[in-house]
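Q: First, the structure itself, so that you have it in front of you.
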Amino acid sequence: MIDRATVDKIMDATNIVEVVGDFVNLRKAGVNYKGLCPFHDDTTPSFMVSPAKQICKCFACGKGGTAINFLMEHEQITYVEALRWLARKYNIEIEERELTDEERRQQSERESMYIVSEWAKDWFHNILKNDPDGIAIGKQYFRSRGIRDDIIEKFQLGFAPNKRTALSEAAREKGYKNEFLVKTGLCIENERGIYDRFSGRAIFPWLNVSGKVVAFGGRVLDARTKGVAQKYVNSPDSEIYHKERELYGIFQAKRAIAKEDCVYMVEGYTDVIAMHQCGLENVVANSGTALSVYQIRLLHRFTQNIVLLYDGDEAGIHAAMRGTDMLLSEGMNIKVLVLPDGDDPDSFSRKHTAEEFKTYIEQHQKDFIQFKTDLMLKGVTDPVKRSEAISSIVKSVSVIPDPIKRDTYLHDCATRLEVNEKTLINTMNNFIRANREEKRKAEAPSILPPSGEASSAPIASPNGGRFFAEQSGKAEREGAVTPIETLLIRMVIRHGEEIIFEGLETEDGGTTNLTVAQYIDYDLSQDGLQLSDERYQRILAEAVEHSSEPGFKAETYFVRHPDPTISQLAADLAMSRYQLSASMSVPQREGSLVRQVTHLVLDYRMNVVEQQLKQLQLQLREAVADMEKVRVLMTQLKQTQELRNALAKQLGNDVIS
């Protein structure tokens with residue numbers, strides 16, 4: 001593990017202008033530098049680099065961050081790999097903390113498995129290129145599939161000889177242990193000895209997102225497929241390979257996915273390879289299994305747009321339906337393209353150029369909800385089956401996290417299905433409530449205690465601290481990040497360590513000072529409020545924890561945070577489009593920071609109250625037939641309006657009820 005001191009040493013030595021300048025042509029613009037953004041098709045320079053803050057940001061697409069964030073995005077590498085890249089550039093020796101004996105054993109074992117897998121990949125590839133059987137059988141197979149030599153090299157395809165001990169014997173000659181041949185799945189061991197798993201097969205190496213060989217797929221050749229139960233044999237799960245976490249072709253595709261902001265999902269190895277050969281490189285395969293949440297989040301690092309490309313037969317349509325609700329729930333935008341019956345991506349790409357294939361995709365792809373609607377309701381006249389199909393479609397819509405996108409889909413469904421939109425909304429809300437209840441039971445979250453009479457919040461809520469705690473918890477569960485929360489965290493990042501209240505009396509008769517971060521945390525905690533974004537809550541907590549440390553500066557701390565998601569967010573919130581030149585300054589009026597912070601906290605409370613008012617008004621409209629419920633809701637509405645008016649007075653606004 002790279003310790004914090006070494007990370008700080010690397011960051012201190014890093015000049016972000018030099019790092020970005022290795023990839024982007026920069027020119028001076030005041031105290032900053034600007035250039036064409038490398039992350040989207042930029043025509044006017046919108047990518048700003050700040051040498052003072054050591055961060056960068058594109059004000060068109062929003063990407064940027066520290067030098068580490070830039071390298072991770074541009075080179076599609078991990079956080080540790082980016083640190084090592086910078087260490088090499090600035091000739092810094094990386095000092096890693098001492099590993100425990102168990103960590104050292106596990107690391108050594110994993111490294112040995114990676115080494116053996118890399119050797120096996122080269123061995124299979126060499127057999128294909130230089131062994132007489134490899135050339136006559138293996139290479140002939142790939143050529144019969146129309147695969148060019150340059151694509152064979154790109155995917156490091158190989159061939160395993162028919163002899164059942166060829167690989168294991170070659171490995172032992174090189175000094176590799178049977179233990180790791182078995183653990184990687186290259187060989188199988190039983191009471192009769194050890195023998196090769198992939199003998200007599202064409203070999204497809206699996207590379208993870210960092211380019212390390214983690215597994216293999218072996219296909220029995222066409223002459224032997226008759227009567228063979230498994231055309232493909234794949235590596236079993238191991239310490240370095242878990243099928244549900246990997247995607248075939250991700251290493252070769254990651255840059256194209258990021259550049260095109262879209263990924264094509266296909267079923268098999270040859271589909272991926274054929275599309276690359278056709279000129280479409282932003283493609284991966286899940287090898288016939290349902291997508292997992294790990295695979296979806298891996299893809300989400302590069303894009304949120306996915307096109308499912310499958311055969312036009314019944315099996316292909318069934319494959320297109322698997323895992324789609326999970327994709328929707330993870331915020332992916334799904335389109336589906338079912339190819340003409342009799343074609344798969346492999347055969348179709350061999351008949352068309354990349355431009356023809358792209359044009360076909362653009363003209364024939366369907367939004368997933370539209371695809372599911374057309375598929376499930378085609379020719380259905382039975383009322384029961386029709387209602388079941390509509391319910392399934394609404395259930396898919398209900399898992400979409402973006403409320404605007406949900407409402408848009410639902411309105412579209414109501415029009416297309418000729419069903420009352422209110423009925424669909426009620427059905428969707430039932431699904432949403434049921435999903436939340438399931439999550440709550442699964443996660444068993446703790447219940448925030450009410451502040452009650454002990455609360456020293458500026459304004460009393462109608463139900464003590466319960467009101468704010470409930471509304472904050474509701475927003476947190478829905479993942480609804482409000483602009484005011486972002487402004488609060490921007491304030492914490494930029495001014496978190498600055499003292500805004502001095503000499504405050506404590507319960508024991510002493511005095512204390514409060515920083516910006518401490519005040520925000522203290523004020524919100526009085527009513528059990530929590531920010532809805534986990535990253536925001538974490539930033540606030542860490543700023544409070546480190547506020548009293550000498551020399552602590554929130555902006556520097558968070559921009560250099562070891563968690564890339566935190567450092568990316570901090571850099572984004574710390575960067576301004578406009579920055580004064582070194583010779584200009586604006587005097588800060590005394591007390592202005594105090595006013596800004598206290599006003600922001602009141603704004604946040606007002607936002608919580610206004611959300612509750614909307615909910616109460618909605619519940620009133622739905623409860624018109626239940627007079628007892630209406631009376632309870634009217635009482636709550638009156639109390640909430642009084643609270644809103646009191647907050648408005650503190651904010652200096654007039655509210656007309």
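Read-outs: derived from the displayed coordinates by stated rules, not from any lab. The model shown is predicted, which means the values in this text are computed figures rather than measured ones. As a convention, Cβ positions derive from the backbone with ideal geometry for all residues, glycine included, and neighbour counts pool all protein chains shown.
Q: For region 589-654 and region 420-437, write down the distance between their C-alpha centroids in whole Å.
A: Cα centroid to Cα centroid, the span is 26 Å.
Q: Would you please give the FRET efficiency between Gln370 and Val293, computed as 1/(1 + (r/R0)^6) with r the Cβ-Cβ distance and R0 = 22 Å, to the nearest 0.05?
A: So the FRET efficiency works out to roughly 0.35.
Q: Moving to a separate point now. Could you tell me the center-to-center distance, by alpha carbons, between region 159-176 and region 322-370 in angstrom?
A: 41 Å
Q: Give me the extension gain from Val630 to Asp508: residue separation times 0.36 nm, minus the current Cα-Cα distance, reported in nm with one decimal.
A: That pair, Val630 and Asp508, stretches by 39.1 nm at full extension.
Q: To the nearest 10 degrees, how steep is helix 466-478 against the longest Cα principal axis of the chain, on a 0 to 90 scale?
A: 20 degrees
Q: A 20 angstrom limit on the alpha carbon distance is what I want to check against. Which of Lys183/Lys212; Lys154/Lys254; Lys259/Lys335; Lys259/Lys405; Lys212/Lys254; Lys139/Lys174 exceed it? Intermediate values should be presented prior to the final figure.
A: Numbers: Lys183/Lys212 16 Å; Lys154/Lys254 14 Å; Lys259/Lys335 18 Å; Lys259/Lys405 24 Å; Lys212/Lys254 14 Å; Lys139/Lys174 25 Å.
Distance filter (> 20 Å) returns Lys259/Lys405; Lys139/Lys174.
Q: Starting from the Cα-Cα distance between Ala136 and Lys422, subtract it from 0.36 nm times their residue separation and give me the gain in nm to one decimal.
A: 96.3 nm
Q: Go through region 166-202 and name the GluC sites (Glu not before Pro) that are in a DSSP coil and have 14 or fewer other Cβ atoms within 10 Å of their Cβ. Numbers along the way, then the final one.
A: Working: sites: Glu169, Glu173, Glu179, Glu189, Glu191; in loops: Glu191.
Passing sites in region 166-202 are Glu191.
Q: With axes computed from alpha carbons, what is the tilt in degrees of helix 383-398 against the longest principal axis of the chain, rounded to the nearest 10 within 0 to 90?
A: Long axis of 383-398 versus the principal axis of the chain: about 70 degrees.
Q: Could you name the aspartates and glutamates whose alpha carbon sits less than 18 Å from that of Lys614, not counting residues in the same chain fewer than 8 places away?
A: Asp407, Glu470, Glu476, Glu478, Asp603, Glu622, Glu642
Q: How big is the C-alpha Rg of the chain next to the rule-of-thumb value 2.2 N^0.38 Å, as a ratio?
A: Dividing the Cα Rg of the chain by 2.2 N^0.38 Å gives 1.14.
Q: Can I ask one more? For a test of the definition: using alpha carbon positions, the gyration tensor, and the 1.5 limit on a/c, classify region 5-77 as rounded, prolate or oblate.
A: Because a/c hits 1.5 or more and a/b fails to exceed b/c, region 5-77 counts as oblate.
Q: Moving to a separate point now. What's the FRET efficiency of Leu651 with Glu81 using the Cβ-Cβ distance as r and R₀ = 35 Å, to the nearest 0.05?
A: With a Förster radius of 35 Å, E is 0.15.
Q: Oh, and also: Can you give the % of DSSP beta bridges in the chain that are antiparallel, to the nearest 5?
A: Roughly 70 percent of the beta bridges in the chain run antiparallel, per DSSP.
Q: Near Lys439, which lysines are there with a Cα under 18 Å away, not counting those fewer than 8 places off in the same chain?
A: Lys395, Lys474
Q: Considering the zone a paramagnetic label at Glu109 would reach in this model (a point 7 Å from Cα along the Cα-to-Cβ line), which residues of region 168-188 have amide N under 19 Å from it?
A: The answer is 176-188, whose backbone nitrogens lie closer than 19 Å to the label point.
Q: Within the chain, what's the longest run with no chymotrypsin sites (Phe, Trp or Tyr not before Pro) in a DSSP loop and at most 16 other beta-carbon atoms within 10 Å? Give the range, please.
A: On the way: sites that count: Phe23, Phe59, Tyr90, Phe552, Tyr578.
No qualifying site falls inside 91-551, the longest such stretch.
Q: With the cut-off at 1.5 for a/c, could you classify region 291-408 from its C-alpha gyration tensor as rounded, prolate or oblate? Could the numbers behind the result be given before it?
A: Working: a/c = 2.01, a/b = 1.21, b/c = 1.66.
Oblate is the answer for region 291-408, as a/c is 1.5 or above yet b/c matches or exceeds a/b.
Q: Can you compute the helix-only [θ] at 222 nm over the chain? Use -39500 (n - 2.57) per DSSP H run of at least 4 residues, normalise by all residues, nearest 500 deg cm²/dmol.
A: Rounded to the nearest 500, it is -16000 deg cm²/dmol.
Q: Rounding to the nearest 20 debye, state how big the charge dipole of the chain is about its Cα centre with +1 on each Lys and Arg Cβ and -1 on each Asp and Glu Cβ.
A: 1480 debye
Q: Still on this model: Applying 1/(1 + (r/R0)^6) with R0 = 35 Å to the Cβ-Cβ distance of Val594 and Asp12, what FRET efficiency is obtained, to the nearest 0.05? Present the calculation step by step, with values, prior to reporting the outcome.
A: Details: r = 33 Å, r/R0 = 0.94.
Calculated value: 0.60.
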